[in-house]
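Enquirer: Structure incoming, see below.
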Amino acid sequence: MQARRAATLLLPTALALSRAAAGEFGDPIRGLSPDELQRFGDGRAAFETVEDVADGLGPVLNGTSCAGCHSVGGTGGGSETVETRFGTMTNGVFDPLVNLGGPLIQTDGIGHQGACTFVGEHVPPQATIVAQRRTTPLFGLGLVDAVPDATLVALAAKQARGQPGTAGRPNMVTDLTTGRAAVGKFGWKSQVPNLLQFSADAYLNEMGITTPLFPHENCPQGDCTLLACDPVPGVDDDLEDVQRFRDFISFLAPPPRLRDPYVGFRALARSFAASPRRWGSYAGYRRLFAQIGCASCHVRSLTTGASPVAALQFQTFQPYSDFLLHDMGSLGDGIEQGQATGGEMRTAPLWGLRLFTAFLHDGRARTIEEAILAHDGQGRAARDRFAALPAEEKATLVAFLGTL
């Protein structure tokens with residue numbers, strides 16, 4: 001208990017002493033051209049814009065702007081806002097219950113429109129699987145988008161050879177811009193392959209605004225007859241806003257590195273008598289992170305490929321994720337998307353963890369330690385090794401994660 005209290009008290013002080021020297025959360029990535037910086041600014045303005053019914057909002061929705069949910073730390077951050085997904089199993093096959101409004105609940109409606117009244121949806125009694133999904137931060141996702149599919153496929157093959165018990169696999173999904181199979185990278189199940197599709201998907205499913213990529217409105221609670229009262233029928237956006245969202249997210253810098261994470265970390269480590277003797281340094285706890293098995297899935301670094309944006313080309317970055325699917329056993333949410341089974345989840349990136357106030361896909365964990373101890377399936381062995389560490393080492397390893 002004392003070790004945990006010390007970590008809680010010292011970590012904010014450590015972070016205050018070692019704030020990022022170059023950039024803050026929500027800043028553009030370094031090296032953008034003047035034109036790209038203009039596109040970043042235009043994209044951020046669109047991302048923060050509050051939509052209304054005349055823009056095609058609704059008829060059912062979860063929010064009126066992207067920034068309404070993506071806000072913690074700066075525009076583009078995550079939040080504790082959660083969405084609800086549901087479905088059931090029919091003859092061993094996942095059924096998203098589209099005819100009843102699934103698989104995603106839209107919590108609000110646009111009210112009276114002609115002969116119809118649009119209200120928020122509810123989980124139908126036929127649903128036997130209900131899952132919450134936390135809003136994830138978008139910092140640095142342009143770098144992730146620029147990682148070649150072949151890199152992630154090769155990483156999965158390497159894991160299968162060297163660590164078959166914890167090996168991940170890509171979620172192969174359809175790229176709607178090409179009609180071809182592609183590696184999913186975004187979303188809790190890696191169900192979306194690129195940031196343009198990610199933006200268009202969110203525009204429809206969170207705000208109800210249709211585009212050429214997703215031209216069909218969500219039928220409120222599955223009742224498509226209500227769409228006769230849609231005040232803006234047809235395609236609402238010609239992809240202009242979606243491209244602006246994509247530009248903003250693509251050019252959004254990764255979580256800023258702490259100027260000197262070692263400063264606060266050393267102060268924390270010295271507060272424990274046992275820790276400095278055995279591991280005793282920031283690099284030492286990074287090795288411990290790998291030794292207990294966390295780095296098997298939370299891969300420290302990846303490298304981008306060719307890109308029309310020089311600032312994103314051939315860049316090595318440190319997201320602490322392999323962006324692959326792993327079977328998480330009881331920690332899975334039961335929802336199937338693409339090739340992802342109900343028990344599989346994408347490895348969550350750990351960069352920027354210091355901003356989080358809720359952890360895991362549904363926000364159930366209130367601390368980093370709780371999140372680690374909830375791991376199951378392919379993460380169980382690493383969880384058990386963490387649980388077996390002395391209290392001092394657990395607390396200092398948690399402090400290390402808070403510096404990423």
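The values are calculated or read from the model by the stated rules, or taken from the named source; none is laboratory data. Predicted model only: the values in this text are computed from it and were never measured. Every residue, glycine as well, gets a Cβ built from its backbone with ideal geometry; the counts of neighbours run over all protein chains shown.
Enquirer: So Ala273 fits all but one of (1) among the hydrophobic types (A, V, I, L, M, F, W, C); (2) modelled with pLDDT under 95; (3) in a helix (DSSP H, G or I); what number is the exception?
Expert: (3)
Enquirer: Further, regarding this structure: Find the residue count for the range 35-71, including only residues that are charged (D, E, K, R) and outside any helix (DSSP H, G or I).
Expert: 2
Enquirer: A follow-up question, please. Report whether or not Gly74 is at pLDDT 95 or above, under 23 Å from Asp230 (Cα atoms), in a loop (DSSP other than H, G, I, E, B) and not polar (S, T, N, Q).
Expert: no
Enquirer: Scan the range 79-91 and report the pairs whose first residue is of a type in the set (Gly, Ala, Ser) and whose second residue is in a loop (DSSP other than H, G, I, E, B), with Cβ atoms within less than 6 Å and a gap of 6+ or a chain change.
Expert: Note: pairs meeting the criteria are Ser79/Cys69; Ser79/Ser71; Ser79/Val72; Ser79/Thr135; Gly87/Pro96; Gly87/Leu97; Gly87/Gly102; Gly87/Pro103.
Enquirer: A further question follows. State yes or no: is Phe323 crowded, with 19+ Cβ neighbours inside 10 Å and out of contact with any Ser or Thr (no Cβ under 8 Å at 6 or more places or on another chain)?
Expert: no
Enquirer: Moving on. I'd like to know if the range 93-114 contains one or more residues that are surrounded by fewer than 17 Cβ atoms within 10 Å (Cβ to Cβ), touching a Ser or Thr at 6+ places or on another chain (Cβ under 7 Å) and under 30 Å from Gly332 (Cβ atoms).
Expert: no
Enquirer: Could I ask something else about it? Restricting the search to the range 188-215, which residues are closer than 15 Å to Arg246 by Cα and in contact with a strand residue (DSSP E or B) (Cβ under 8 Å, 6 or more places away or on another chain)?
Expert: Val192, Pro193, Asn194, Leu195, Gln197, Phe198, Asp201
Enquirer: Regarding the range 113-121, can at least one residue be identified that is of a type outside the set (Ser, Thr, Tyr) and over 23 Å from Val53 (Cβ atoms)?
Expert: Within the range 113-121, not a single residue is of a type outside the set (Ser, Thr, Tyr) and over 23 Å from Val53 (Cβ atoms).
Enquirer: Within the group Ala382, Ala348, Ala371, which residue is of a type in the set (A, V, I, L, M, F, W, C), assigned to a helix (DSSP H, G or I) and out of contact with any Lys or Arg (no Cβ under 9 Å at 6 or more places or on another chain)? Steps first, please.
Expert: Numbers: Ala348 fails: assigned to a helix (DSSP H, G or I); Ala371 fails: out of contact with any Lys or Arg (no Cβ under 9 Å at 6 or more places or on another chain).
The match here is Ala382.
Enquirer: Any residue at all in the range 224-235 that is within 17 Å of Asp108 (Cβ to Cβ) and crowded, with 22+ Cβ neighbours inside 10 Å?
Expert: Yes, the range 224-235 contains at least one residue that is within 17 Å of Asp108 (Cβ to Cβ) and crowded, with 22+ Cβ neighbours inside 10 Å.
Enquirer: Working carefully through the options Gly342, Gly363, find the one that is in a loop (DSSP other than H, G, I, E, B), in contact with a strand residue (DSSP E or B) (Cβ under 6 Å, 6 or more places away or on another chain), more than 20 Å from Ala154 (Cβ to Cβ) and at pLDDT 95 or above.
Expert: Result: Gly363 is the single residue among Gly342, Gly363 that is in a loop (DSSP other than H, G, I, E, B), in contact with a strand residue (DSSP E or B) (Cβ under 6 Å, 6 or more places away or on another chain), more than 20 Å from Ala154 (Cβ to Cβ) and at pLDDT 95 or above.
Enquirer: When you go through Ser307, Ser330 one by one, which is the residue that is of a type outside the set (Lys, Arg), part of a helix (DSSP H, G or I) and surrounded by fewer than 22 Cβ atoms within 10 Å (Cβ to Cβ)?
Expert: After ruling out the rest, the residue left standing is Ser330.
Enquirer: Next up: So in the range 150-204, with the set limited to residues that are part of a loop (DSSP other than H, G, I, E, B) and hydroxyl-bearing (Ser, Thr, Tyr), which one is surrounded by the fewest Cβ atoms within 10 Å (Cβ to Cβ)?
Expert: Looking at the filtered set, the residue picked out is Thr178.
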